[in-house]
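Student: Have a look at this one before I ask anything.
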Amino acid sequence: MVFSPMETVLASDVATWAERGGLLFRQARHAASMNQKALARVSGTSRTTLSAYEHGRKSPTLETAGRILDAAGFRLVLEPKVEFATRASGDGRPFHVPSRLPRPPVAAALGVARVRDRDYDLADRDERRAAYALLLREGSPQELLDHVDGVLLADLWEELDLPLDIRGAWEPLVEQARHGAGVIN
């Protein structure tokens, strides 16, 4: 049987999602300190079916996935995707700008960020200001997701010492956040 390019891509995507779903179920089950038999019983499915889900051999319906995760003490949620555009600053160095401002967990947003071999206490406003200025200029997409909180960035915005090109690229996101849009909750 010959598949069209679209069918081939779709089959690959389905396999990838089945693997990710399996990993998600295993992580939830381990975090709940449950074995497959216990989670299957509590969630109303069989152990063999749960095993097939965990190993990516079978894909549950959304309702079933939600029921299994709920039984393990988790919720299935919709989370906006953040994509990054890479831009070049006036001196030619790359910097990254997200499609929307992230909201890392409170522990990360106010925790300690290690950036360029230095620790910054993000609970301290002055250190957060220094860390954010450095991160917006030089941070990788992952560092930005891990440490920059959109609401805290909007609060510090006027105090940040940034080159004009970087400020200009981030300004629309900060303005959206100030007006209650564009920040991931």
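Student: Indicate, rounded to the nearest 5 percent, the antiparallel portion of the DSSP beta bridges found entirely in the chain.
Tutor: Looking only at bridges with both residues in the chain, the antiparallel portion is about 90 percent.
Student: Go ahead and estimate [θ] at 222 nm for the chain from helices alone: -39,500 (n - 2.57) per DSSP H run with n ≥ 4, summed, over the residue count, rounded to 500.
Tutor: Here the helix-only value at 222 nm equals -16500 deg cm²/dmol.
Student: So, by mean Cβ neighbours within 10 angstrom, what's the order for 112-123, 74-85, 139-150, 19-30 with the highest one leading?
Tutor: For the peptides 112-123, 74-85, 139-150, 19-30, the packing ranking is 139-150, 19-30, 112-123, 74-85.
Student: Report the FRET efficiency, 1/(1 + (r/R0)^6), for A88 and H55, where r is their Cβ-Cβ distance and R0 is 45 Å, rounded to 0.05.
Tutor: 0.50
Student: Say R0 is 30 Å: what FRET efficiency, to the nearest 0.05, do Q142 and R41 get from their beta-carbon distance?
Tutor: For Q142 and R41, the calculated efficiency is 0.20.
Student: Just one of (i) 10.2; (ii) 14.8; (iii) 13.2 is mean projected area of the Cα convex hull in nm² calculated from these coordinates, so which is it?
Tutor: Computed from the coordinates, mean projected area of the Cα convex hull in nm² corresponds to (ii).
Student: Express the accessible area of the chain per residue in Å², computed with a 1.4 Å probe while the remaining protein chains stay in the model.
Tutor: 61 Å²
Student: In the chain, which helices (entire DSSP H runs) extend 27 Å or more along their own long axis, judged by Cα positions, while averaging at least -1.0 on the Kyte-Doolittle scale?
Tutor: Qualifying helices: 5-31.
Student: How much of the accessible area of the chain, in percent, comes from carbon and sulfur atoms when a 1.4 Å probe is used?
Tutor: 55 percent
Student: I want to check the label-to-label distance for R118 and R20. Put each point 7 Å from Cα in the C-beta direction and report it in nm to one decimal.
Tutor: Each label point lies 7 Å from its Cα, and together they span 3.6 nm.
The values are calculated or read from the model by the stated rules, or taken from the named source; none is laboratory data. All values derive from a computational prediction rather than experimental measurement. Cβ sites come from the backbone with ideal geometry, for glycine too, and all protein chains shown count toward neighbours. Side chains are part of the model used for accessible areas, which takes the heavy atoms of the whole protein and leaves out ligands, DNA and RNA. Shrake-Rupley method; radii C 1.70, N 1.55, O 1.52, S 1.80 Å.
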